[in-house]
Amino acid sequence: MTTKKQVLLGAHMSIAGGLEKAVERGESIGCTCIQIFTKSNRQWKAKKLTEAEIETFKTAVKQSTIASKNIVCHAGYLINIASPNTLIHKKSTDSLIEELDRCEKLGIPWLVLHPGAYKEEDVALKTIAQTIDTVLHEVPGKTKILLETMAGQGSTTCYTFEQIAQVHKLVKNKNRVGVCVDTCHIFAAGYDLRTKKVYDETWEHFDKIIGLSLLHVIHCNDSKKGLGSRVDRHADIGKGELGLETFRLLFNDKRLTDIPKILETPQTGDDLLQDYKKNMEVIEKLIR
C-alpha cells in the first residue's frame, strides 16, 4: 500500500495581531505551508522580538498541522543589497541582518530575498554576493537566504537563471544560499511554462544552469502580462497569461513534490484569506 504524499500548498499570511496569528490563519484555510513577514515589509527596522513572542510563535507552530520546515519568511521590500548608494546599501545590509536574525530566533528555515536593482549588472551581482556573505557571517545558523527569480522590471537584476547562478558562484557560504522561483516572474522574464514541451525545457534549463537541488520554495502566481513583458503583475491562478495548464504541470511534477508552494495572488474580493482559499481550490482540482 502506498501513502499519498501531502501537497505543500499555502499562501502569504498576515501577522496582524501577532506572528502566531499567521499560523492560525493559514491553518484555517487548509494551508500546509505559509509565508510571512516577521516585521513590517515597508520599514527598515523593527522592535526586537521578545522571548514571549518567540515562544508563542514556536508553540503555535508545534500545535499546528503546518510543519516548521514549511514556513517561509519574505524579507522586506525596502532592501536593495545591489544599491550603489552607500547609505541605502548600509541600511539594506543592516535590515537583512535583522531579518535573518529574526528567522533564526523563530526557527524559520527559509528567508526569501529580492536580490536587488542596479543598472550595471556585473557590479550588482558581485555586490549582492559580497553582501550576502557579510550578512551570513554576522548571523551564523541554519536559515538559508533564497534568491528570488525576478521579472526584470526596471533595473531589477536576477531575472535570468544565469544571473542567479553567477551570484551563487560568487558567494563563499554556498550552503546557506538557495533559490525561490516565482512563476509570474520567470514567465515575465521570458521563460515559458504553458505546455508540457516548454515547461520541461524551462526546468531542464534551470537544472543545467542553477540546479534543482538549490530550489527550496516556489511562489505560485499567474501573470497579468505576457511572456517576456518584464512586468511584475500577479494574477489569480488560471486567470492570467500562464493559464491552468502551467499549474497542472507544476503540481503534478514529482520532482517538486517536497517544495513549499506559496500563493501571492492579489486580493480581488473583500477577504484575502477567502481569495487564497479559492485559488487553492482551483489548484487542488488540478492535482491527479
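The values are calculated or read from the model by the stated rules, or taken from the named source; none is laboratory data. Bear in mind that the values here come from a model prediction, so they are computed numbers and not experimental data. Glycine also receives a Cβ, built like all others from the backbone with ideal geometry; neighbour counts cover every protein chain displayed.
Could you check how many residues of the range 118-135 are in contact (Cβ under 8 Å) with a residue 40 or more places away in the chain, surrounded by fewer than 17 Cβ atoms within 10 Å (Cβ to Cβ) and under 17 Å from A151 (Cα atoms)?
Matching residues across the range 118-135 total 1.
What residue, of K45, K39, is in contact (Cβ under 8 Å) with a residue 12 or more places away in the chain, buried (at least 21 other Cβ atoms within 10 Å of the Cβ), among the charged types (D, E, K, R) and in contact with a Lys or Arg (Cβ under 9 Å, 6 or more places away or on another chain)?
Matching residue, one of K45, K39: K39.
Please name all residue pairs, on different chains or six or more residues apart, with Cβ atoms under 7 Å, provided the first residue is in the range 6-19 and is closer than 10 Å to T38 by Cα and the second residue is surrounded by fewer than 19 Cβ atoms within 10 Å (Cβ to Cβ) and of a type outside the set (S, T, N, Q).
I15/K21; L19/E53
Test of understanding: among V179, V217, V171, which residue is under 21 Å from S83 (Cα atoms) and in contact (Cβ under 8 Å) with a residue 40 or more places away in the chain?
Numbers: V179 fails: in contact (Cβ under 8 Å) with a residue 40 or more places away in the chain; V217 fails: under 21 Å from S83 (Cα atoms).
Of V179, V217, V171, the one residue that is under 21 Å from S83 (Cα atoms) and in contact (Cβ under 8 Å) with a residue 40 or more places away in the chain is V171.
Which one of these does A82 not meet: (1) over 19 Å from the mean Cα position of the chain (by Cα); (2) surrounded by 15 or more Cβ atoms within 10 Å (Cβ to Cβ); (3) not β-branched (V, I, T)?
Condition (1) is where A82 drops out.
Inside the range 242-281, can you point out the residues that are crowded, with 16+ Cβ neighbours inside 10 Å and among the β-branched types (V, I, T)?
Result: T246, I259, I262, T265.
Of a type outside the set (V, I, T), under 24 Å from A165 (Cβ atoms) and modelled with pLDDT of 95 or more - does that describe any residue in the range 44-57?
Checking the range 44-57: not a single residue is of a type outside the set (V, I, T), under 24 Å from A165 (Cβ atoms) and modelled with pLDDT of 95 or more.
Residue check, F57 against (1) under 20 Å from the mean Cα position of the chain (by Cα); (2) surrounded by 14 or more Cβ atoms within 10 Å (Cβ to Cβ); (3) at negative phi; (4) not hydroxyl-bearing (S, T, Y), all met but one. Which one?
Of the numbered conditions (1) under 20 Å from the mean Cα position of the chain (by Cα); (2) surrounded by 14 or more Cβ atoms within 10 Å (Cβ to Cβ); (3) at negative phi; (4) not hydroxyl-bearing (S, T, Y), the odd one out for F57 is (1).
Can you find even one residue in the range 205-213 that is surrounded by fewer than 20 Cβ atoms within 10 Å (Cβ to Cβ) and either in contact with a His (Cβ under 6 Å, 6 or more places away or on another chain) or among the β-branched types (V, I, T) (or both)? Spell out the reasoning first.
The first filter runs over the range 205-213 and keeps only residues surrounded by fewer than 20 Cβ atoms within 10 Å (Cβ to Cβ), leaving 205, 207-209, 211-213.
When the remaining residues are screened for being either in contact with a His (Cβ under 6 Å, 6 or more places away or on another chain) or among the β-branched types (V, I, T) (or both), the result is 209.
Among the residues of the range 205-213, at least one is surrounded by fewer than 20 Cβ atoms within 10 Å (Cβ to Cβ) and either in contact with a His (Cβ under 6 Å, 6 or more places away or on another chain) or among the β-branched types (V, I, T) (or both), which makes the answer yes.
Mind checking which residues of the range 171-201 are over 18 Å from T157 (Cα atoms) and surrounded by 21 or more Cβ atoms within 10 Å (Cβ to Cβ)?
Correct list: L193 only.
Could you list, in sequence order, all residues of the range 178-234 that are assigned to a loop (DSSP other than H, G, I, E, B), within 25 Å of E284 (Cβ to Cβ) and either at pLDDT below 95 or acidic (D, E) (or both)?
D192
Could you list, in sequence order, the residues of the range 235-264 that are in a loop (DSSP other than H, G, I, E, B) and more than 12 Å from L9 (Cβ to Cβ)?
Within the range 235-264, D236, G238, K239, G240, E241, L242, N252, D253, D258, E264 qualify.
Please enumerate the residues belonging to the range 94-117 that are buried (at least 19 other Cβ atoms within 10 Å of the Cβ), over 21 Å from E20 (Cβ atoms) and not aliphatic (A, V, I, L, M).
Answer for the range 94-117, where residues must be buried (at least 19 other Cβ atoms within 10 Å of the Cβ), over 21 Å from E20 (Cβ atoms) and not aliphatic (A, V, I, L, M): S95, H114, P115, G116.
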